[in-house]
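Student: Below is one structure. I have some questions about it.
The values are calculated or read from the model by the stated rules, or taken from the named source; none is laboratory data. In this text the structure is predicted, and so the values were computed from the model without any measurement. With ideal geometry, Cβ positions are generated from the backbone for all residues, glycine too; neighbour counts draw on all protein chains shown.
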Amino acid sequence: MADITIPPKDSFRLSMLIYDTRYRSLTIQVVFMFLLMAGATWLVNNTIYNLHVLGKDFSYSFLWSRAGYDINQRFIAYNSDSTHGRAMLVGLLNTLFIAFISCVAATVLGVIAGVLRLSKNWVVAKLMAIYVESFRNIPLLIWILVIFAVMTEAAPAPNAFRGANPSAHMWFFDTIAVTNRGVYFPEPLFFRSLGNIDLGIFLVSTDLLAIIAVMVLSILGYKRLQRSAETVQNATGIRPVTWWKSALILIAPIVILLVALGFHLGYPELKGFNFRGGVHARNSLIALWVALSVYTGAFIAEIVRAGIQAISRGQTEAALALGLKPGQTTNLVVLPQALRVIIPPMISEYLNITKNTSLAIAVGYMDLRATLGGITLNQTGRELEAMLLMMGIYLAISLIISSVMNFYNRSVKLKER
Amino acid sequence: MTDQPLQYVRTEMLEAKAPPSFQIGPLRWARENLFSGWLNSLLTLVSLYVILTLLAGVAPWFGHTVWNAGSLSECRKIIHSDFGPNADGACFAVIHERWNQLLYGFYPVEGYWRANLALVGMLLAIAPILFSQVPRKLLWLSALYPFLGFWLIWGGSLWFPISALLGFVVGGIAFRLMVEKSTVLAAAAGFVVAWLWWFFAAGPVDEGLSAVLPIALESVQSRDVGGFLLSIIIGISGITLSLPLGVLLALGRQSNMFFIRTVSVGFIEFIRGVPLITLLFTASLLLNYFLPPGTNFDLILRVVIMVTLFAAAYMAEVIRGGLAALPRGQYEAADALGLDYWMAQRLIIMPQALKISIPGIVNTFIGLFKDTTLVVFIGLLDPIGFINAIRATSDWNGIYWELYIFVGALFFVFCYGMSKYSMYLERKLQTDHH
Amino acid sequence: MKKSVILGMAGAACLAAGMATAGTLDEVKQRGELNCGVTTGLAGFAAPDANGVWQGFDVDYCRAVAAAVLGDPTKVKFVPTTGQTRFTALASGEVDMLARNTTWTFSRDVDLKFTFVAINYYDGQGFMVPKALGVSSAKELDGATVCIQTGTTTELNLADYFKANNMKYDPVPIETNAEGQQQFLAGACDVYTTDRSGLAATRATFAKPDDYVVLPEVISKEPLGPLVRQGDDQWADVVRWVANSLVEAEDLGITSANIEELSKGTNNPEINRILGTDGGLGKMLGLDDAWAKRAIAANGNYGEIFAANLGESTPIGLARGLNALWTHGGLQYSPPFR
């Protein structure tokens, strides 16, 4: 007879909290939570006490008081009479703007450098290796300072454009002025502007909305044309000639709209101390942009290189053996697989760019840290509130970027079944 | 048939002809590597043009280098008199005059040997961790090094670091005694005993021993530590301190316990979501709000704490990658052997996971080391801080390329060395697996 | 796992520091060293030289206080602070006093809870432009690009001035004076604005100072002076009267050259009181009788400190102007030592 030992039904003993694996994790968690809460209480308590001693309160009311300082680059209306809250918003938009354009430029640069580094051309490969290594191994801050110094020293001052025989000239038929205060581009203007819509916080140009709407409609129309062409091709085997229709659909509406709005370019002109008119991309913006893109581009180049090298040669050969054209091979076989390797580290590079925009402090670009975490903090003396708010905003931006990119990552990921 | 030899058959082989000139030597190499197609040729030409332009711009500047001068104006005068009135030249005299500040900050000159010795000691201490060929005995040096390095750099009584070290020893003994009963309890006991030691026993022991046997180096203020030395101190202590914290966070993130996992994830994501510069500003502006009133400790220490927390979050992610790369079988085998959680981690999982993560850890370190330059924004005089300070003096006002080049080159040498090491390691680990 | 001792130390430091709530004066005496917040580098006011020794106008004030309190002008730890970190450094107790050309304003005094103990330099915000620009008045600066140091009162003054005069400008914010100089010299901004003393100091370091001119307009009042935390009146008194003693010394003709001789006793009772020959004042401050003598002996009287760091014989070449003694038509005036 086999003895079946029934485990004795223990009554609960205190020692089981430690020795019984069923309860132990609970015990650990409770103790951990207790310690954590105690620590948090201690910190908050200290903070309250310290604030009390300093005679300060914790309040965000300063966000609604007059800022009193000016910001040079602003995407929404702002002047020194605006509130600190609005200054923060201006800074936030500047941060997002520099982060976005740097991500785009870094990606383009990184992909090119990554591909060229694998090139069989010895000179090109070595040059790219030098680029990648020197930017990866020297702090970003030094690059920002160096590029800022180069731009300040190498480009001519607006003064050099003056006089009958100026020592500096504008580029591209007198349309673009490169100075050491930044680059002045022609700006789009409309004779018959539709005006702006006031959204409470900022104004939206109706012209821009109209242009976007027309472009979207054109692209939708173009897609439709392609689809109908495909249907015909599937049915008859002959693809109707569509190129002139496509061109018409894509180009004509936008041209008509621009003519109707009275589109023309406003050129920068030297008036008084500075160039007037046109779009002014300040030196601080350009230096930060170039430094961030080139620096991060070096990292992206390595990611791209690793991604391409991760695809075994057999994949390409198999695709070619199946009769796919080289373009199709890249699009349908190599790229989807390489992207799977490339995208996750790419996401963290984008996050790095966003966080590194805070180095704007080195060149005086008016980003979130310079407005909320810089001048506002300094003028109001509200370190605690301003720093917490600023960290919260950066955290929110990071989380949004990583969730959007992770969503994209999931959509391109090869489904493993 | 006669044996008459056939007239038209050669008796000896022909000499092999030299291959066509474009198929040998540099020409062939150039043809295959540089000019294999029109696109390739174009790229080559463009690259060569870029390189030549850069060289043409930079070479004369480097050629006209002045090493001995007291100020920028004196330097320019020398360049103009030596190389012609319109010559432009590098004035590395500023490095010659200020190199000690860029490297050591205001560290007392007679104490440079201490900083140098600490650096050599650090290399020795790191060697057994980085290279498996080095004798294992050196690992003891690695364990003792933090205390030794602290004493060498900051000076003061030798017994202070030793009494602090004894706290770990006492804690370790308590852990050993209790570990038979329960690992968790033992860990708690070791922790409590060590803290008790630091709070109550360490001070008297330090004083007592100092009174009996006064061995001390001249103590150096944290404020005097600056320049590249400061970067190294912040970088190294940040990475060493963050390693244990990172391991705990990585384990916490993979834990089954809900609270611990949530807190770990929250911490990691928070730190990774904000720029380092805001954490540094927190260290310099806010930390005194969070601590008891009147508390005030060294800014460098505050920065090290913040940098440690920052690095720990990144380290946790690197180690999590290492943990994820381990085959599931390793965990199951450990369970099958009846090991408990900590034994399994200590004996099976962590040694393998850490080994896989070393390249990632080195990369994190390179990143951290470069990020130490940000301390300039809270008023610490790291190399970039000194660049500003030197440029603020009337002698060297208006100079910057030379300083940037010097500091950039220092960082490059350091980081490039480490990244080469990480590549070597990756190759080594790859062959291990195949 | 190896951990460094530093964390344990931090804990111990917290505990130890948490208990100590003595007055700043006692703390400084006990520490044997004065922590003095200065700028990270501004010629004439505070900058480290090649040997790492700090030099400048503000630096000499720190030395005078250290000499008075500790008896040794070298027992000062100079803590470089940026415009951003200076007030927190003082509020948190990281420094005992701040001598960092800081403007005395209502909100800093009242809202940020500091006590400004003296005004050691009467300054005002001005503009510097290249001569080639052909501008002779700030009123002609409409549309100019202006370089400006962030984290200071100057950016608020600037905004107010241009607004009041109905002019436009393009601000170029910069972090350090060295950076601002580079921008200005390269022509990346037309105007450099900061305190007029700072402008003079900056201009002095240019290769061709004569090509630049400081415009006559003074758009703000910038009374600069040392400050301490509010609430420790004894310490505030010490720093205030050290500062006053320097001015009074100049007024009374006490210089570093004749101080030894005068301290043997004179027939001017005020000199005797200040130099401690007639005892009593030092005890009231919590110091010994020779405190002011040491403070003055450290770097000389106010006039000597000014002349050595900012005066006309230095490259900075500032005239005394408002900072002359009241007897010479200036504003420097010390309450009587009585």
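Student: Checking B:ALA392 against (1) among the small types (Gly, Ala, Ser); (2) surrounded by fewer than 24 Cβ atoms within 10 Å (Cβ to Cβ); (3) on the phi < 0 side of the Ramachandran plot, only one condition comes out false. Which one?
Tutor: (2)
Student: I would also like to ask the following. Would you be able to tell me the number of residues in segment A:119-149 that are away from chain C (no Cβ under 11 Å) and either among the aliphatic types (A, V, I, L, M) or under 19 Å from A:ALA281 (Cα atoms) (or both)? Spell out how you get there, then give the answer.
Tutor: To start, the set of residues in segment A:119-149 that are away from chain C (no Cβ under 11 Å) comprises A:119-144, A:146-147.
Filter once more, keeping what is either among the aliphatic types (A, V, I, L, M) or under 19 Å from A:ALA281 (Cα atoms) (or both): A:123-125, A:127-130, A:132, A:138, A:140-142, A:144, A:146-147.
Going through segment A:119-149 one residue at a time, the tally reaches 15.
Student: Further, regarding this structure: Name every residue in segment C:78-116 that is assigned to a loop (DSSP other than H, G, I, E, B) and among the hydroxyl-bearing types (Ser, Thr, Tyr), in order of residue number.
Tutor: Filtering segment C:78-116 for residues assigned to a loop (DSSP other than H, G, I, E, B) gives C:82-85, C:92-96, C:99-102, C:104-105, C:111-113.
Listed by number, the residues that qualify are C:THR82, C:THR85, C:SER92, C:THR102, C:THR105.
Student: One residue is enough: does segment A:346-358 have a residue meeting the conditions in a helix (DSSP H, G or I) and within 14 Å of chain C (Cβ to nearest Cβ)? Spell out how you get there, then give the answer.
Tutor: Kept after step one, since they are in a helix (DSSP H, G or I), are these residues of segment A:346-358: A:346-358.
Now restrict to residues that are within 14 Å of chain C (Cβ to nearest Cβ): A:358.
Taking every residue of segment A:346-358 in turn, at least one turns out to be in a helix (DSSP H, G or I) and within 14 Å of chain C (Cβ to nearest Cβ).
Student: Give the number of residues within segment A:23-80 that are surrounded by 11 or more Cβ atoms within 10 Å (Cβ to Cβ), more than 9 Å from every other protein chain (Cβ to nearest Cβ) and β-branched (Val, Ile, Thr).
Tutor: Total satisfying the criteria: 2.
Student: Right, something else. Just to verify a result, which residue in segment C:74-83, among those that are buried (at least 21 other Cβ atoms within 10 Å of the Cβ) and over 22 Å from C:ILE174 (Cα atoms), is farthest from the other protein chains (Cβ to nearest Cβ)?
Tutor: Within segment C:74-83, the match that is farthest from the other protein chains (Cβ to nearest Cβ) is C:VAL76.
Student: Among what's in segment B:399-434 and is among the hydroxyl-bearing types (Ser, Thr, Tyr) and touching a Lys or Arg at 6+ places or on another chain (Cβ under 8 Å), pick the residue that is modelled with the lowest pLDDT.
Tutor: Filtering segment B:399-434 for residues among the hydroxyl-bearing types (Ser, Thr, Tyr) gives B:400, B:404, B:416, B:419, B:421-422, B:424, B:431.
Filter once more, so that each one left must be touching a Lys or Arg at 6+ places or on another chain (Cβ under 8 Å): B:400, B:419.
Values: B:TYR400: 80, B:SER419: 86.
Looking at residues that are among the hydroxyl-bearing types (Ser, Thr, Tyr) and touching a Lys or Arg at 6+ places or on another chain (Cβ under 8 Å), I get B:TYR400.
Student: Which of the following residues is of a type outside the set (A, V, I, L, M, F, W, C) and more than 30 Å from B:GLY227 (Cα to Cα): B:GLY149, B:GLY171, B:GLY121, B:GLY155? Explain how you work it out, then say what you get.
Tutor: Values: B:GLY149 fails: more than 30 Å from B:GLY227 (Cα to Cα); B:GLY121 fails: more than 30 Å from B:GLY227 (Cα to Cα); B:GLY155 fails: more than 30 Å from B:GLY227 (Cα to Cα).
Answer to the check: B:GLY171.
Student: Would you be able to tell me the number of residues in segment B:237-290 that are of a type in the set (Ser, Thr, Tyr), over 17 Å from A:MET390 (Cβ atoms), crowded, with 21+ Cβ neighbours inside 10 Å and more than 10 Å from chain C (Cβ to nearest Cβ)? Please lay out each step first, then the result.
Tutor: Start the filter on segment B:237-290 by keeping residues that are of a type in the set (Ser, Thr, Tyr), which leaves B:237, B:240, B:242, B:255, B:262, B:264, B:278, B:282, B:284, B:289.
This time we only want the ones that are over 17 Å from A:MET390 (Cβ atoms), so: B:237, B:240, B:242, B:255, B:262, B:264.
Imposing the further condition that a residue be crowded, with 21+ Cβ neighbours inside 10 Å reduces the set to B:237, B:240, B:242, B:264.
Going one step further and asking which of them are more than 10 Å from chain C (Cβ to nearest Cβ), we end up with B:242, B:264.
Residues flagged as of a type in the set (Ser, Thr, Tyr), over 17 Å from A:MET390 (Cβ atoms), crowded, with 21+ Cβ neighbours inside 10 Å and more than 10 Å from chain C (Cβ to nearest Cβ) within segment B:237-290 amount to 2.
Student: Which ones in segment C:84-125 are among the hydrophobic types (A, V, I, L, M, F, W, C) and within 14 Å of chain B (Cβ to nearest Cβ)? Full working, then the answer.
Tutor: Initially, segment C:84-125 is screened for residues among the hydrophobic types (A, V, I, L, M, F, W, C), giving C:87, C:89-91, C:95, C:97-99, C:104, C:106, C:110, C:112, C:114, C:116-119.
C:PHE87, C:ALA89, C:LEU90, C:ALA91, C:VAL95, C:LEU98, C:LEU112 - these are the residues of segment C:84-125 that are among the hydrophobic types (A, V, I, L, M, F, W, C) and within 14 Å of chain B (Cβ to nearest Cβ).
Student: Which one of these is crowded, with 16+ Cβ neighbours inside 10 Å and closer than 30 Å to B:SER219 by Cα: B:ASN100, B:ASN116?
Tutor: B:ASN100
Student: Check off (1) surrounded by 13 or more Cβ atoms within 10 Å (Cβ to Cβ); (2) assigned to a loop (DSSP other than H, G, I, E, B) for A:ILE238 and give me the number that stays unchecked.
Tutor: All conditions are met except number (1).
Student: In segment C:51-77, how many are free of Cβ contacts under 8 Å to residues at least 60 places away in the same chain and part of a loop (DSSP other than H, G, I, E, B)?
Tutor: Residues in segment C:51-77 being free of Cβ contacts under 8 Å to residues at least 60 places away in the same chain and part of a loop (DSSP other than H, G, I, E, B): 6 in total.
Student: Which one is nearest to A:TYR23 (Cα to Cα), of the residues in segment B:166-206 that are among the hydrophobic types (A, V, I, L, M, F, W, C), surrounded by fewer than 20 Cβ atoms within 10 Å (Cβ to Cβ) and facing chain C (nearest Cβ under 8 Å)?
Tutor: Across segment B:166-206, the extreme among qualifying residues is B:TRP195.
Student: Same structure again: Do we find that B:TRP38 is on the phi < 0 side of the Ramachandran plot, of a type in the set (A, V, I, L, M, F, W, C) and surrounded by 13 or more Cβ atoms within 10 Å (Cβ to Cβ) in this structure? So that I can check it myself, show each step before the final result.
Tutor: On the way: on the phi < 0 side of the Ramachandran plot: yes; of a type in the set (A, V, I, L, M, F, W, C): yes; surrounded by 13 or more Cβ atoms within 10 Å (Cβ to Cβ): no.
Criteria not met by B:TRP38.
Student: So which residues in segment B:135-153 are part of a helix (DSSP H, G or I) and more than 10 Å from every other protein chain (Cβ to nearest Cβ)? Can you show your working first?
Tutor: We begin by selecting, within segment B:135-153, every residue part of a helix (DSSP H, G or I); these are B:136-153.
If the condition is that a residue be part of a helix (DSSP H, G or I) and more than 10 Å from every other protein chain (Cβ to nearest Cβ), then B:ARG136, B:LYS137, B:LEU138, B:TRP140, B:LEU141, B:LEU148, B:LEU152, B:ILE153 are the ones that fit.
Student: Do we have any residue at all in segment B:108-124 that's touching a residue at least 60 places away in the same chain (Cβ under 8 Å), touching a strand residue (DSSP E or B) at 6+ places or on another chain (Cβ under 6 Å) and not in a helix (DSSP H, G or I)?
Tutor: No, because not a single residue in segment B:108-124 is touching a residue at least 60 places away in the same chain (Cβ under 8 Å), touching a strand residue (DSSP E or B) at 6+ places or on another chain (Cβ under 6 Å) and not in a helix (DSSP H, G or I).
Student: Within segment C:209-263, which residues are surrounded by 19 or more Cβ atoms within 10 Å (Cβ to Cβ), among the hydroxyl-bearing types (Ser, Thr, Tyr) and without any contact (Cβ under 8 Å) to a residue 60 or more places away in the chain?
Tutor: Result: C:SER263, single match.
Student: Identify all residues within segment A:391-417 that are more than 16 Å from the chain's Cα centre (by Cα), at pLDDT below 90 and not aliphatic (A, V, I, L, M); write none if there are none. I'd like the intermediate steps shown before the answer.
Tutor: Looking only at segment A:391-417, we keep the residues that are more than 16 Å from the chain's Cα centre (by Cα), and these are A:391-392, A:407, A:409-417.
If we keep only those that are at pLDDT below 90 too, we end up with A:407, A:409-417.
Of everything in segment A:391-417, those that are more than 16 Å from the chain's Cα centre (by Cα), at pLDDT below 90 and not aliphatic (A, V, I, L, M) turn out to be A:PHE407, A:ASN409, A:ARG410, A:SER411, A:LYS413, A:LYS415, A:GLU416, A:ARG417.
Student: Mind checking whether some residue in segment B:304-319 is modelled with pLDDT under 85 and more than 14 Å from chain C (Cβ to nearest Cβ)? Outline the logic, then answer.
Tutor: Our first condition is that a residue be modelled with pLDDT under 85; within segment B:304-319, this holds for none.
Within segment B:304-319, not a single residue is modelled with pLDDT under 85 and more than 14 Å from chain C (Cβ to nearest Cβ).
Student: Among the residues of segment A:269-283, write down those that are under 28 Å from the mean Cα position of the chain (by Cα) and either in a loop (DSSP other than H, G, I, E, B) or charged (D, E, K, R) (or both).
Tutor: Taking segment A:269-283 and keeping what is under 28 Å from the mean Cα position of the chain (by Cα), we get A:277-283.
Once the filter is applied, which keeps residues that are under 28 Å from the mean Cα position of the chain (by Cα) and either in a loop (DSSP other than H, G, I, E, B) or charged (D, E, K, R) (or both), segment A:269-283 yields A:GLY277, A:GLY278, A:ARG282.
Student: Still on this model: Which is touching a residue at least 12 places away in the same chain (Cβ under 8 Å), buried (at least 18 other Cβ atoms within 10 Å of the Cβ), more than 25 Å from A:ARG136 (Cβ to Cβ) and in the same structural domain as A:ILE144 (by TED's automatic domain parsing), of A:ILE393, A:ILE343, A:ILE361? Can you show your working first?
Tutor: Working: A:ILE343 fails: more than 25 Å from A:ARG136 (Cβ to Cβ); A:ILE361 fails: more than 25 Å from A:ARG136 (Cβ to Cβ).
Going through A:ILE393, A:ILE343, A:ILE361 in turn, the sole match is A:ILE393.
Student: Please find, within segment A:196-210, the residue that is modelled with the lowest pLDDT out of those that are surrounded by 14 or more Cβ atoms within 10 Å (Cβ to Cβ) and either under 25 Å from A:MET88 (Cα atoms) or among the basic types (Lys, Arg) (or both).
Tutor: Residues of segment A:196-210 that are surrounded by 14 or more Cβ atoms within 10 Å (Cβ to Cβ), as a first pass: A:196, A:202, A:205-207, A:210.
Now restrict to residues that are either under 25 Å from A:MET88 (Cα atoms) or among the basic types (Lys, Arg) (or both): A:196, A:202, A:205.
On the way: A:ASN196: 76, A:PHE202: 72, A:SER205: 79.
Result: A:PHE202.
Student: Residue check, B:GLN352 against (1) surrounded by 22 or more Cβ atoms within 10 Å (Cβ to Cβ); (2) more than 13 Å from chain A (Cβ to nearest Cβ), all met but one. Which one?
Tutor: Only one criterion is unmet by B:GLN352, namely (1).
Student: For A:ASN94, are the conditions met, namely being crowded, with 20+ Cβ neighbours inside 10 Å and within 15 Å of the chain's Cα centre (by Cα)? Can you show your working first?
Tutor: Details: crowded, with 20+ Cβ neighbours inside 10 Å: yes; within 15 Å of the chain's Cα centre (by Cα): yes.
Judged against the criteria, A:ASN94 is a match.
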